[in-house]
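S.K.: Structure provided below as structure tokens; questions to follow.
The values are calculated or read from the model by the stated rules, or taken from the named source; none is laboratory data. Small disclaimer: the values here were computed from a predicted structure and weren't measured. No Cβ is skipped: glycine too gets one built from the backbone with ideal geometry, and neighbour counts run over all protein chains shown.
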Amino acid sequence: MKIIVCLGLLLFAFSYSASAQDLCNPTTFAVKRLKLSDTLIGKCDTIYYMGKHTFQVYHNLYEAARNNDVRRLADAYEKGRILYERRIEEQNNEYQLLRNEFSNLYDKSNQFLTSSTAANDSIKVSLGHANESLDRTNQIVNQLRQTLIQDKKNSNRSKIIYGGGGLLVGILTALVIAQ
């Protein structure tokens with residue numbers, strides 16, 4: 001198993017180094033076309049990544065400047081400016097969409113917070129009523145307990161009184177009969 005893992009790592013390292021491209025050459029300003037699976041290694045301070053259309057605009061501008069063709073340079077500049085303004089407009093639209101999404105998220109969060117607060121308040125009120133009910137129930141239970149204790153004491157007293165009275169009547173009856 002370890003051998004398979006080691007072979008896999010070696011194969012990955014080899015394929016990684018084989019497809020890696022160094023983008024910076026300090027002597028020339030090279031333009032390289034890259035494929036989707038290429039690995040880029042940037043060893044310079046700035047790398048520009050452009051799509052085909054944007055690159056074509058900048059390339060035309062560069063060629064016009066190099067050939068001292070003022071008309072072509074102005075056309076390339078105008079195309080670049082239009083492209084730049086279109087991109088700014090797209091970014092503004094994206095920003096507005098993102099801002100609207102965050103605004104909606106903020107509003108929904110506030111609604112959720114408000115409803116949660118209202119639910120918590122109603123739960124708090126319900127718990128307060130439940131606590132009051134429990135307190136009243138405890139008071140009633142304590143009163144019943146005291147009443148039962150008192151009734152038990154009174155019951156025992158009356159039994160003792162009836163027992164004592166019966167004993168006295170029995171003694172008196174025995175004395176009357178014995179005389």
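S.K.: Between R99, R87, R145, which is at pLDDT 85 or above, within 30 Å of N60 (Cβ to Cβ) and among the basic types (K, R)?
M.R.: Details: R99 fails: within 30 Å of N60 (Cβ to Cβ); R145 fails: within 30 Å of N60 (Cβ to Cβ).
Criteria check complete, one pass: R87.
S.K.: Restricting attention to region 29-51, does a residue exist that is modelled with pLDDT under 80, surrounded by 11 or more Cβ atoms within 10 Å (Cβ to Cβ), in a helix (DSSP H, G or I) and at negative phi?
M.R.: no
S.K.: Among the residues of region 56-95, how many are basic (K, R) and either in a loop (DSSP other than H, G, I, E, B) or at positive phi (or both)? Write out each step before concluding.
M.R.: Within region 56-95, the subset basic (K, R) is 66, 71-72, 79, 81, 86-87.
From what's left, either in a loop (DSSP other than H, G, I, E, B) or at positive phi (or both): none.
Count: 0.
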